[in-house]
Amino acid sequence: MKNKEIIRSFRLAVSLLELHDENPFKIRTYSNAVANLERVDVPLESLQISDLEHLEGIGKSIASKIFELNQTGSFPELDALLAATPPGVVDMLRIKGIGPKKIRVIWKELGVETAEDLLQACENNQIAALKGFGSKTQETIKNGLLYSESSKGKVHYATVEKYSNELVSFLQTNLQTNLVAVAGEVRRRLEIIETMLFIAAPPDPLQVPVLLQQRPELQFDEVKSGPFVWRGQETQTGVRVEVKIVAADSFYNALFQYTGAAAHLNSLYNDTDCLLQLVNQQKFASEEEIYQQAGLPYIQPELREGRQEIAWARENQLPDLITDEDLQGILHNHTTYSDGAHTLATMATYCRDQGYHYLGICDHSKAAFYANGLVEHRVKEQHREIDELNQKMSPFRIFKGIEADILADGSLDYNDDVLRTFDFVVASIHSNLKMEEKKATERLLGAIQNPFTTILGHPTGRLLLQREGYPIDYKTVIDACAFYKVIVEINANPWRLDLDWRWVDYALSQGVLLSINPDAHSTGGYHDMHYGVQVARKGGLTKEMTFNAWPLEKVTNYFEERRIKALAEVK
DNA sequence: GCCGTTTTCGGCCCGACTGTTTTCAGTCG
């Protein structure tokens, strides 16, 4: 069992223990164990019970539970807790804004055991009438339910990327043709995927369902399928799968038609004709040929959303999109100083060995107590270690950064004397996420105006498919970043991808630089940068405007100049 | 349930906010 799955099981156990009103100290122990397990960087399944017991926060009891999880996929106490809880109540734990205590009340007092009943209870005002509840809590629950309902069957792009490539290879190999490709949302690199769509031109259409039947993870939906379309579901993720079967000479027409969003296909490429009409008129031997026929340069799939790519193409102004290989360094990363899994030295070495030239360490600041945020003397300690490593690892460079919490009033949680010791500062909101647009925007503006703020971190705090970000006035925030020369982060974590790519072109139009930051909490986290690049490309981001695609020297100078300017301002 | 002893019991991480209260419990990060 992977560490992540083990941790997930214990997290569930924590919630269930809370739900069943168990001893709070026992709950705290489990919860501590989760926090400690997150920092373990060896596979837990490789450890014996005696090794497990030596881990911090893990005693005899939890050690044997971890061991049993590995053997059987569960442990008796978890099974017992699950058996004592209706599945619908377990699902309710996912709703943001209410926790186990409130769920317990709803379950016990009202006998609500499913999401449907819960929604009904909200509609009937039964929730608001409960002791300790009110109309706002009821509204929160209702919104949470509707949000999770709307998230059903949807997954993050990162969840399907590898799988969809594998399925293409599988079909190509077994159909003995190269004419199989990913289309649709996945090819356009949308951050959320509802359907994995494939186009295949097999020698014999009947081969496709036969082959797909060999895949145990795929469930066939006979009713929705036809002779030239296979529809079903990938059962691990619940995401829909669709394979369109076409003749070889229609392959590129189909690929084109099922890649672009409707708005792209319906766009006029001259004064009278749209791309869809064009592609219905004749057969093409490549997508390049289609655009050529339309008198346009080739448009990358991720841009085909029907926004302004046609206008760009018509003026020959298509951006030269950023690539994974363009990135020179990795900014905004955590270490064991705060809530990361790997030490500073490990994070630095791995970064260098991946071929990058610089690393920005941005552990949590002191207000983030829950994440072991750095109080002032630990900042100094970290800076000493960075100095030492920089000596050893030169010309590779570690920048002293911090992810400073933006407090409720828009100020940062260190004073200027501390802020001045960093090479750069990523300012992010982590607390009080429930805000009106005006308050959230003003809070961000406060941070943007701080002369020490270098980068604005995950601007909306959203967690895709889990919670919406706080609402912000994007234009005002981006305009302020332009005015105060603050770089905007594209947080590359597949759950965040925040700044949303739909605002990248506006930021660029205002001259705002963007930085693709993984927010890595382990060395593996660096690889999330790939997802950041994907959405950045959708937004039209170029190498020139990607801050961490700049070479080391240029980045060093930028930080230095900004710091000097900040020091002059606060004097 | 874990830990660290004043070493087999007793104590056990925060701070802010919200929504509900009318002094505080629940939730979040």
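The values are calculated or read from the model by the stated rules, or taken from the named source; none is laboratory data. On a predicted model such as this, the values are computed, not experimentally measured, just so you know. Here the Cβ is made from the backbone with ideal geometry for all residues, glycine too, and neighbour counts use every protein chain on show. Each accessible area value is taken on the protein alone, full model and side chains, heavy atoms only, with ligands, DNA and RNA left out. Shrake-Rupley method; radii C 1.70, N 1.55, O 1.52, S 1.80 Å.
Does A:ARG28 qualify as being outside the structural domain of A:LEU464 (by TED's automatic domain parsing), modelled with pLDDT under 90 and away from DNA strand B (no atom under 13 Å from the Cβ)?
Working: outside the structural domain of A:LEU464 (by TED's automatic domain parsing): yes; modelled with pLDDT under 90: yes; away from DNA strand B (no atom under 13 Å from the Cβ): no.
Here the answer is no, as A:ARG28 does not meet what is asked.
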Take the residues in the range A:404-428 that are within 14 Å of DNA strand B (Cβ to nearest atom) and either open to solvent by 20 Å² or more (accessible area, probe 1.4 Å) or more than 27 Å from the chain's Cα centre (by Cα) (or both), then tell me which one is nearest to A:LYS366 (Cα to Cα).
A:LEU407
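State which residue is nearest to A:GLU468 (Cα to Cα) when the search covers only the range A:152-168 and only residues that are open to solvent by less than 20 Å² (accessible area, probe 1.4 Å) and part of a helix (DSSP H, G or I). Explain how you work it out, then say what you get.
Quick first cut of the range A:152-168, residues open to solvent by less than 20 Å² (accessible area, probe 1.4 Å) only: A:155-157, A:160, A:164, A:167-168.
From what is left, the residues that are part of a helix (DSSP H, G or I) are A:157, A:160, A:164, A:167-168.
Numbers: A:TYR157: 17, A:VAL160: 22, A:SER164: 27, A:LEU167: 32, A:VAL168: 33 Å.
The extreme case among them is A:TYR157.
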Residue satisfying all of: in the range A:119-135; outside any helix (DSSP H, G or I) and over 9 Å from A:VAL105 (Cβ atoms); least open to solvent (accessible area, probe 1.4 Å) among these
A:GLY134
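Restricting attention to the range A:429-445, which residues are in a helix (DSSP H, G or I), within 15 Å of DNA strand B (Cβ to nearest atom) and surrounded by 19 or more Cβ atoms within 10 Å (Cβ to Cβ)? Steps first, answer last, please.
Restricting attention to the range A:429-445, the residues satisfying the condition of being in a helix (DSSP H, G or I) are A:437-445.
Among the residues that remain, those that are also within 15 Å of DNA strand B (Cβ to nearest atom) are: A:437-443.
Those that are in a helix (DSSP H, G or I), within 15 Å of DNA strand B (Cβ to nearest atom) and surrounded by 19 or more Cβ atoms within 10 Å (Cβ to Cβ): A:ALA440, A:THR441, A:ARG443.
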Given (1) open to solvent by 80 Å² or more (accessible area, probe 1.4 Å); (2) modelled with pLDDT under 90, where does A:ILE141 come up short, assuming only one miss?
(1)
In the range A:40-48, is there at least one residue being within 9 Å of DNA strand B (Cβ to nearest atom), among the hydrophobic types (A, V, I, L, M, F, W, C) and either open to solvent by 70 Å² or more (accessible area, probe 1.4 Å) or not assigned by TED's automatic domain parsing to the domain that holds A:HIS342 (or both)?
no
Checking A:ARG462 against (1) open to solvent by less than 40 Å² (accessible area, probe 1.4 Å); (2) at pLDDT below 95; (3) away from DNA strand B (no atom under 16 Å from the Cβ), which test does it fail?
(3)
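Filter the range A:308-333 down to the residues that are among the charged types (D, E, K, R) and touching a Lys or Arg at 6+ places or on another chain (Cβ under 8 Å), then identify the one that is least open to solvent (accessible area, probe 1.4 Å).
First pass over the range A:308-333, keeping only residues among the charged types (D, E, K, R): A:309, A:314-315, A:320, A:324-326.
Checking the rest, the ones that are also touching a Lys or Arg at 6+ places or on another chain (Cβ under 8 Å) come to A:320, A:326.
Details: A:ASP320: 122, A:ASP326: 30 Å².
Only one residue tops the list, namely A:ASP326.
Taking the conditions exactly as written (open to solvent by 30 Å² or more (accessible area, probe 1.4 Å) and within 16 Å of DNA strand B (Cβ to nearest atom)), does A:LEU146 satisfy them or not?
On the way: open to solvent by 30 Å² or more (accessible area, probe 1.4 Å): yes; within 16 Å of DNA strand B (Cβ to nearest atom): yes.
So A:LEU146 fits the description; yes.
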The correct count of residues that are under 17 Å from A:LEU276 (Cα atoms) and either without any contact (Cβ under 8 Å) to a residue 24 or more places away in the chain or aromatic (Phe, Trp, Tyr) (or both) in the range A:229-256 is 3
From the list A:ALA80, A:ALA33, A:ALA63, which residue is within 8 Å of DNA strand B (Cβ to nearest atom), at pLDDT 90 or above, part of a helix (DSSP H, G or I) and not polar (S, T, N, Q)?
A:ALA63
Condition broken by A:LEU268, with the remaining ones in (1) open to solvent by less than 50 Å² (accessible area, probe 1.4 Å); (2) hydrophobic (A, V, I, L, M, F, W, C); (3) more than 19 Å from A:PRO203 (Cα to Cα) satisfied:
(1)
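Only one of A:GLU18, A:GLU68 is more than 9 Å from DNA strand B (Cβ to nearest atom), among the charged types (D, E, K, R), in a helix (DSSP H, G or I) and not assigned by TED's automatic domain parsing to the domain that holds A:ASN432; which? Spell out the reasoning first.
Values: A:GLU18 fails: more than 9 Å from DNA strand B (Cβ to nearest atom).
Checking each option against the conditions leaves just A:GLU68.
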For the range A:87-103, check the following and say yes or no: at least one residue is modelled with pLDDT under 90, over 23 Å from A:THR335 (Cα atoms), loosely packed, with under 13 Cβ neighbours inside 10 Å and away from DNA strand B (no atom under 13 Å from the Cβ).
yes
Residue satisfying all of: in the range A:482-530; of a type outside the set (Val, Ile, Thr) and part of a strand (DSSP E or B); surrounded by the most Cβ atoms within 10 Å (Cβ to Cβ) among these:
A:SER515
Screening A:ASN174, A:ASN178 for residues that are more than 22 Å from A:GLU18 (Cβ to Cβ), open to solvent by 60 Å² or more (accessible area, probe 1.4 Å) and outside any helix (DSSP H, G or I) leaves only A:ASN178
